[in-house]
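Read-outs: derived from the displayed coordinates by stated rules, not from any lab. Computed from a prediction, not measured in an experiment: that's the story for all the values here. Note that we place each Cβ from the backbone using ideal geometry, even for glycine, and neighbour counts take in every protein chain shown.
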Amino acid sequence: MAAWDRRPVFFVLALATLVGALPLSVSSAGELSLARFGERGELNALRAGKEWIELNGNVVIPTRNWKVSQSFGRFAREEKEKEVEGRRVWTGLVKGEEGAGFEVSQTVWQEEGRLLLDLRVKALGADAIEGLFYSCHLSLRTFGGGRFASGSTEGEFPKTFGKRPLIRPEEPVKRATFRDGAGQTELTFAFDDPASVRLDDGRAWERDYYWLAIGFHRGPMTAGQTACLRFSIAADAASSGTAMPKVAGGGPVAAPVREPQPIPDEKSLKDAEELIRDFFKDGFAKTAPEDRAVLARRLLDEAQSTNTDMDLKFVLLRESRTAALDGGHVEVALKALDATGAAFRFDAAQEKTALLGQLARSAKTPEAARNVADACLNMADESCRGDRYAEARALVQQAETAARNVKDEAWQKEAGARIREFQDLLREHERVAASFEKLKTAPDDPEANAAVGRFLCLVRGRWEDGLPRLAKGNDAILKKLAQAEQAGPRDAVAQMQLGEEWWQQGRNLAGRARFLAQEHAVHWLQRALPTLDAEKQEQVSKTIVAFYMASAEQGLGGAVFQVGNVALLKNGTTLSRVGEGGALTPEPNTAMLDGVTTGYTGSTGFTHLPYPCAWVVTLPKTYLLQEIRMLIWDGENRYYRYLLETSLDGKAYQLVADCSKGEWRSWQAHRFPPRLAKFIRLKGLYNSGNQGFHIVELEAYCMPPATPVTPKFPSTPPDGP
């Protein structure tokens, strides 16, 4: 294939824009690696591998019966474009037919291969419009003969003009999928809230596209009324020969699984490098470290969006790695290596080890040495988790070499502690290395099993792997405990007894071994806790809380016991909306985590969504929680219903409070036996006042405050179950 034929789409688009060969308006302010936007936020094209799908996406506001239709991209006045926290925001005014017009806001960003859009339209005066729509044009030449699915409607894009509409907006849907005529790409629209979808054949109006209209408001609007549409668009490779996915109520369309590809031959790599250096010539021409770092990130972003032309992908990753090292950004270089290992038959771990060794010896500045040492220690941690102890030993040695050139005393102290921890672990492994070898030929050897079991449980904390070894070992006490655990204590009392026995065993140990044994004991005590009687609950709770308080004071363990509200934005807590299939997207309105519980009004100071809805609060660390408090909006005497849950892993949730019945108002305080949690999920079910669920503040405590909450209005629990 000639070099010109292989020239990537980002080059072709740039050239076509200059000569006017393509009707795509490309704005430097609106560029994202997945999309091309016009000057007023019109979505000109979406990237699909190395190709681009023309969309011409726009907010459209038609008057009643579609007599006049105004699009934001063509008719906006006082339009502005800005960047807010890495997101593109376009705002402007669109003239109305009867009222003062409409204030339109469009926010765009990208995550994990998806383009996300948040649209908001506010009526500045009463206006008799048909509704609000997001309109897209799906090209006849691209989608003709392809397939579509929306809710219960499935069909084929007709190559010749006939039946219309193709999709009627009869049922709100949360997902619509469109496959191109070649069967190579699937375009998926996923909506946070159900939206109406209409698909029509534009040849009815002598147009060369299928018209897609996504409705997010129907009928006239009153002054001050606001309508929102939040959705994502993804272009994924279609699986060859498979049927169109069912999307009614289903989860996201899975991307195809790609096996690592062979490394391209030298000629292909040379051609790809020529094209990349030509397109990014301005970036390659700059040699300052900060400019090389910028180029490295651009190349890495481009590589992550390139999944069909593997020659280009390999060279983009290679050049990103080189530029990152020139710019002193070791993490970007390592990410490029990881991405290369994921996409190609390439030993990323070996290359990373060799690279870090070279950097550790050649670091020229204290900052560079620190970056290298941190990267070595992080990779050593990965190596130990994978039982690659020889690799970890080399990385720790490289970290020591680099750390000698760092002048920061606080960092030296922290890094020195990490290095000593690794050295202790490696020494412990050396002591049992012969036992590991013994088990390869004599898997039932009691002495070797006991040694390996102690290492896995009381050095590594890998109880699932270590307990079977202890059960076959010759340490009588540990063997008895391991066998009892494998048998599975059936009730809460038996679980509590097992936990107490491990606790006593821990008291006979020292250092990390003692901590791990007692942490494991607390695991069993926590499992027993919910169904113990009140007296035993109090006794066990004191042991659990004392363990985590002591661990926090000594800086041990992954869980934290902290005084005060731990669910605060300023401490690193984040808030997400829960979408279809449990997908999380960032919640832009984070008022419920700002720590402010006064001064809220009927329109400010709270987080809200139409119910039913759900949010997930992600804490910065794993905490031992005992109480969650919430202030539900109480500007008037209305009541709400909800569910409150916690989770350690973000997958399996445990109920805190079922308030799906009754009448719940103002401050809510839910006290529960101590449990580990990193995630809190709030499901808003009902509001007696309107269609929204409004939460002023959510607080989480390891140590419950001594002062009780004072609700403005009392709650009324249900009469029965």
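Taking 19 Å as the cut-off, the amide N atoms of segment 629-650 that come nearer than this to a point 7 Å along the Cα-to-beta-carbon line of T590 belong to 631. Taking a Cβ cut-off of under 9 Å around A190, the surrounding Lys, Arg, Asp and Glu residues balance to a net charge of +1, with basic ones at +1 and acidic ones at -1. Taking segment 623-646 and a reference point 7 angstrom along Cα→Cβ of M549, the backbone N atoms nearer than 20 Å belong to 623-628. The H on the amide N of A45, modeled in the peptide plane, is under 5 Å from the matching H of R36, L55, N56, each at least 5 residues off or on a different chain. Let me make sure I get this right: for segment 488-557, a, b and c are the square roots of the gyration tensor eigenvalues over alpha carbons, sorted descending. Under 1.5 in a/c it's rounded, otherwise prolate if a/b > b/c, else oblate. Which is it? Verdict is oblate for segment 488-557. Set the Cα radius of gyration of segment 367-438 against 2.2 N^0.38 Å, with N its number of residues, and you get 1.16. Rounded to the nearest Hz, the phi-derived 3J(HN,Hα) couplings of segment 172-189 under the Karplus curve 6.51 cos²θ - 1.76 cosθ + 1.60 (θ = phi - 60°) are x, 10, 10, 7, 9, 10, 9, 9, 6, x, 7, x, 9, 10, 10, 9, 10, 9, where x marks glycine and proline. One way to sum up the overall shape of segment 418-518 is the equivalent ellipsoid from its Cα gyration tensor, whose semi-axes run 24, 18, 10 Å, largest first. Here are a few candidate values for Rg/Rh (Cα atoms, Kirkwood Rh): (1) 1.07; (2) 1.17; (3) 1.00. Which one was actually calculated from the structure I just gave you? Step by step, Rg/Rh (Cα atoms, Kirkwood Rh) for this structure corresponds to label (3).
Taking all Cα-Cα distances within segment 266-430, those exceeding 26 Å account for 34%. When W90, W109, W411 are arranged by Cβ crowding within 10 Å, least crowded first, meaning fewest neighbours, the order is W411, W109, W90. In this simple spin-label approximation, Q225 and Q261 carry label points 7 Å from Cα along the Cα→Cβ vector, and these lie 5.1 nm apart. The stretch between K286 and A487 holds 65.8 nm of extra length on full extension. This uses 0.36 nm per residue minus the Cα-Cα distance.
Each label point was placed 7 Å from the Cα along the Cα-to-Cβ direction; for D278 and A652 their separation is 5.6 nm.
Here C613, C702 are placed in order of increasing Cβ neighbour count within 10 Å, fewest first, which gives C613, C702.
Modelled label positions at A342 and Q358, each set 7 Å beyond Cα in the direction of Cβ, lie 2.4 nm from each other.
Placing +1 on the Cβ of every Lys and Arg and -1 on the Cβ of every Asp and Glu, with no other charges, gives the chain a dipole of roughly 240 debye about its Cα centre. From least to most packed, judged by other beta carbons within 10 angstrom and beginning with the fewest, E699, E186 follow the order E699, E186. Full extension of the chain between Q184 and N690 gives 177.6 nm of extra length, using 0.36 nm per residue less the Cα-Cα distance.
What shape does segment 22-237 have by the C-alpha gyration tensor, where a ≥ b ≥ c are the square roots of the eigenvalues, rounded means a/c under 1.5, and otherwise prolate means a/b greater than b/c and oblate the rest? Verdict is oblate for segment 22-237. 3J(HN,Hα) along segment 419-436, derived from phi through the Karplus expression 6.51 cos²θ - 1.76 cosθ + 1.60 where θ = phi - 60°, amounts to 4, 5, 4, 5, 5, 4, 4, 5, 5, 4, 5, 4, 5, 10, 4, 5, 5, 4 Hz, with x in place of Gly and Pro. The simple Förster model, with R0 at 22 Å and r as the Cβ-Cβ distance, assigns L426 and R514 a FRET efficiency of 0.60.
Distance distribution note for segment 569-701: the fraction of Cα pairs above 19 angstrom is 45%. Applying 1/(1 + (r/R0)^6) with R0 = 41 Å to the Cβ-Cβ distance of N637 and H523 gives a FRET efficiency near 0.35.
Maximal additional length on extending the V294-K480 stretch stands at 61.1 nm, based on 0.36 nm per residue less the C-alpha distance. Remark: segment 477-485, residue by residue, has Karplus-estimated 3J(HN,Hα) of 5, 5, 5, 5, 5, 5, 5, 5, 5 Hz, where x stands for each Gly or Pro and the curve is 6.51 cos²θ - 1.76 cosθ + 1.60 at θ = phi - 60°. Just how many % of Cα pairs in segment 305-361 lie over 19 Å apart, if you round to the nearest whole percent? Every Cα pair in segment 305-361 considered, those over 19 Å come to 24 percent. Structure note, pairs K683/K712; K570/K683; K352/K570; K50/K267: Cα-Cα distances above 28 angstrom occur for K352/K570.
Label point of A494 set 7 angstrom out along Cα-Cβ; within segment 532-555, amide nitrogens under 16 Å from it belong to 532.
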